[in-house]
Amino acid sequence: MNDSKIPAWVSIIVLPLINILFAFAFSAIIFLAVDVNPIEAAQTMINGAFGYQEGIGYTFYYATNFIFTGLAVAVAFSAGLFNIGGEGQAYIGGLGVGLVCLGLDHTLPFWALLPITMFASMAFGALWALIPAYLQAYRGSHIVITTIMFNFIASSLMVYLMVNVLNQKGQMAPVSRVFEDSAGLPGFHTIAGWFGYCFAESPMNLSFLIALLCCVLVWLLLWRTRWGYAIRAMGSSPSAAEYGGINRKRLIIIVMLISGALSGLLSLNEVQGYAQQLKLGFVAGYGFTGIAVCLIGRNHPFGIVLASILFGILYQGGAELSFDFPNIDREMIQVVQALVVLFSGALSLMLVKPTERLFVYLDEKKKSNNTSAAEA
Amino acid sequence: MKKILTTTAAAVSIALCSFVAQAADFKPAVAYDSTGKFDKSFGQAVAENGVIKFMEQSDTKVRELVPSSDAQREQGLERLARKGFSPILVVGFLYATPLQKIAAKYPDSQFVIIDAVVDLPNVKSILFKEHEGSFLVGAMAAMKSETNKVGFVGGMDISLIRKFACGYEQGAKYVNKDAEVFQNMTGSTNAAWSDPARGAELAKSQFSKGADVVFAAAGGTGVGVYQAAADEGKYAIGVDSNQNYIHPGVMLTSMVKRVGVATVDAFKAAEAGTFTAGIQSLGLKENGVDWALDEYNRDLVTPEMEGKIAGIKAKIISGEIKVHDYMIDNTCNY
């Protein structure tokens, strides 16, 4: 939107805020329809997300997942590739983390395990993205179709492994054994304890910091390296990029490997951080939500952090909301989330023109005021 | 001075970190599985035959919770416990890990878990011997079958459903050693519990191979299985709740799992102050599982069949027939 007539801060800050306001206004109508005071509901939501330490922990725990998958989508999207296989890549990444932890948790503490699990999650996630990438680059199969199909393959593979190989005898739930305590990533309350602070127990853990680090790395990659330039060039115009000497096929593979690796890192938070065991369905839609996060975050690592926190608030505050108001069930929370996605993602351009006009109007008024003041 | 300050700060922070568990008054709550309480199967059986019935009988409001993700399971349980709810009944084996943590943290609250074992002094674990009920309906299927071929359609391919399948197979083979049992699972994701179209496809493929009775242990997917049986003039067997009414004349019977009764009993015991922890395993003997006979399938069950089934049931109860439980060794060798 470089050619728009409005200043950059408006399109980066004001527009998303207006979009979200619209979403909440429509949510308010729904709340009114079920006899819930929307202002009370908003208070409960904000309080639930930021009002107490445990709530804050949960908000950032959810945000960690969204940062990873949001970044994964963003990297691929910068190259014009729509990777919607984050779900499966994260799932298989979790398998990598789980296998490492199950194999080595008796012998190594978490800080020695962490490099291995990080590598495993990234390698497994990247490998899961490699096949669709190869098919796109060399066979022309559309990446949207192949990545979404790989989500199903990942799901089936995990069920097979969890039910037949990794589960414990006599255990009803298809889950692996719980890792040794020493192998799990330290929770944020533990980390705070090291520095003499007190923080209530919550699932938020070290991987949040890893997620933030990944944001910086992705930013460096996309905007400060030759690869990043090539990626963005291919995203803007594949044919021009190829004419400019960029090896398109190789780049598709590289981009998808990075994207898959970022998705795979999600499992650090879920498997080694929170659950400390391998179980079915731990990705729980975070991969798909990553697409929305990336859209709302405007494809920029910093925007993705903000959008992830927004979704963290929606998840955690929403849970609080449905807990405190019997009239609001979890499907309605999903409606609120969907409205945010609709207004910030799908309809994000709807309000550009009106806002532009408003600013042009305000600008002219200011100018005319200035001239009239000068004349006087 | 500085030392005093730091010690006070430490003491305050410890006080802030700790929490006070409230004493156990009777404030019942129920936490459903993430499939919700309108899943036409397990959750609904707890809700309609358990929670609603208990609320009618005792005038006590039961707090309900439906989580939408795994993290919310633990979070919701913790919140219920912190607000002083007790007993808290949790539905489904996916709660086993979170309950392990929360029940240990709130030793004064009482918990009941259905379909899993949590070995703590304040948790009552209720299990159902699905293999016994499945054995009975398997035997019935084999008696009714004219082709000596019967089918099984499972939901998601997990141990619990294999337990159903294994019991069913044993029952069918007990009646007729040469009986063939076709088994299909609907899928490997949670969607497998609510895919009637695929259920119908699987049932039809089993019918085309010659099966004429099919048992569905597949949640909402079963509806499609029953429809396929009705369309092709075959027989079907329902699961969890009594589903005979869905297609009278087609539904041979239903393998009922009396979760509602167990729910009401658990709440009543807690209300009367006679809550006991430990494992409760409900089979045919305890009336926890059974086969359903009502006006909708009366005509399908001949008195001769009824007599035979009663005989088999008595033998299982007395221990003369041992039904192998898949979960014990994760195999179906019996």
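The values are calculated or read from the model by the stated rules, or taken from the named source; none is laboratory data. Predicted model only: the values in this text are computed from it and were never measured. Note: ideal-geometry Cβ built from the backbone for every residue, glycine included; neighbour counts use all protein chains shown. Protein only, heavy atoms only, side chains kept; ligands, DNA and RNA dropped before computing areas. Shrake-Rupley method; radii C 1.70, N 1.55, O 1.52, S 1.80 Å.
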Work out, in µm²/s and without decimals, the Stokes-Einstein translational diffusion coefficient of the stretch A:63-303 at 37 °C, 0.692 mPa s, Rh from Kirkwood over C-alpha pairs. 181 µm²/s
Can you tell me the 0 to 90 degree angle between the C-alpha axis of helix A:207-224 and the longest principal axis of chain A, rounded to 10? 60 degrees
How far, in degrees from 0 to 90, does helix A:301-324 lean away from the longest principal axis of the Cα atoms of chain A, to the nearest 10? 80 degrees
How many angstrom separate the Cα center of the stretch A:1-80 from the Cα center of the stretch A:196-228? 19 Å
Using just the alpha carbons, could you tell me how many Å³ per residue the convex hull of chain B encloses? 147 Å³
Loop by DSSP (not H, G, I, E, B), at most 15 other beta-carbon atoms within 10 Å: where is the longest site-free stretch of chain A for chymotrypsin sites (Phe, Trp or Tyr not before Pro)? A:198-376
Relative contact order for the stretch A:45-125: what percent, with Cα pairs under 8 Å and sequence separation of 6 or more? 24 percent
Provide the solvent-accessible area of A:Val255, counting protein heavy atoms only and rolling a 1.4 Å probe, rounded to the nearest 10 Å². 0 Å²
Alpha carbon Rg of the stretch A:229-376, scaled by the compact-globule rule 2.2 N^0.38 Å: 1.53
Dipole check, chain A, charges on Cβ (K,R +1; D,E -1), about Cα centroid: among A:Ile328, A:Ile313, A:Ser207 the Cα furthest to the positive pole belongs to A:Ser207
DSSP loop chymotrypsin sites (Phe, Trp or Tyr not before Pro) in the stretch B:33-123 with at most 15 other Cβ atoms within 10 Å of their Cβ, which ones? B:Phe38
Carbon + sulfur, % of accessible area of the stretch A:63-303 - ligands and nucleic acids excluded, 1.4 Å: 68 percent
Just reorder B:Glu271, A:Glu270 by solvent-accessible area, largest first, 1.4 Å probe, all chains present. B:Glu271, A:Glu270
From other protein chains only, count the Cβ atoms within 10 Å of every residue's Cβ in A:311-319, then give the mean. 2
Cα-based Rg of the protein assembly as shown per 2.2 N^0.38 Å, rounded to two decimals? 1.07
What does the charge add up to near A:Ala133, with Lys and Arg as +1, Asp and Glu as -1, over the other residues with Cβ less than 13 Å from its Cβ? +4
With +1 on each Lys and Arg Cβ and -1 on each Asp and Glu Cβ, how big is the dipole of the stretch A:63-303 about its Cα centre, in debye rounded to the nearest 20? 760 debye
Report the B-A buried area as the accessible area lost on both sides summed, probe 1.4 Å, in Å² to the nearest 100. 3100 Å²
Just going by the charge dipole of the stretch A:63-303, with Lys and Arg at +1 and Asp and Glu at -1 on Cβ, which of A:Ala133, A:Val178, A:Leu161 is farthest out on the positive end? A:Ala133
Whichever lysines have a C-alpha closer than 21 Å to that of B:Lys209, once near sequence neighbours (fewer than 8 apart) are set aside: B:Lys144, B:Lys149, B:Lys173, B:Lys177, B:Lys234
What number comes out for accessible area per residue over the stretch A:63-303 if the probe is 1.4 Å? Units Å², please. 40 Å²
To check you understand DSSP bridge types, tell me what percent of the beta bridges within the protein assembly as shown (both residues inside) are antiparallel, rounded to 5. 15 percent
If you average the sequence gap of Cα pairs under 8 Å that are 6 or more apart and divide by the length of the stretch A:63-303, what percent do you get for the contact order? 43 percent
23 Å Cα-Cα reach of B:Lys83 towards lysines, excluding residues that sit fewer than 8 places from it in its own chain: B:Lys27, B:Lys37, B:Lys61, B:Lys101, B:Lys105, B:Lys124, B:Lys268
If each K or R counts +1 and each D or E counts -1, the residues other than A:Ile333 whose Cβ falls under 15 Å of its Cβ total -3
Would you work out which of B:Ile102, B:Pro67, B:Phe38 lies farthest towards the positive end of the dipole of chain B? Charges go on Cβ: Lys and Arg +1, Asp and Glu -1. B:Ile102
Looking at chain B, send over the antiparallel percent of its DSSP beta bridges, to the nearest 5. 10 percent
Mean ellipticity per residue at 222 nm, deg cm²/dmol - from DSSP H runs of n ≥ 4 across chain B, formula -39500 (n - 2.57): -13000 deg cm²/dmol
Collect residues whose amide H, placed 1.01 Å from N in the peptide plane, falls under 5 Å from the amide H of B:Asp240; neighbours closer than 5 in sequence don't count. B:Met255, B:Lys257
Take every Cα pair under 8 Å in chain B that's 6+ residues apart, average their separations, divide by the length, and report that relative contact order as a whole percent. 18 percent
If you fit an axis through the alpha-carbon atoms of helix B:130-144 and take the longest principal axis of the Cα set of chain B, what angle between them do you get, 0 to 90°, nearest 10? 10 degrees
Proximal lysines to A:Lys365, defined as alpha-carbon separation beneath 17 angstrom and excluding residues fewer than eight positions away on the same chain: A:Lys5
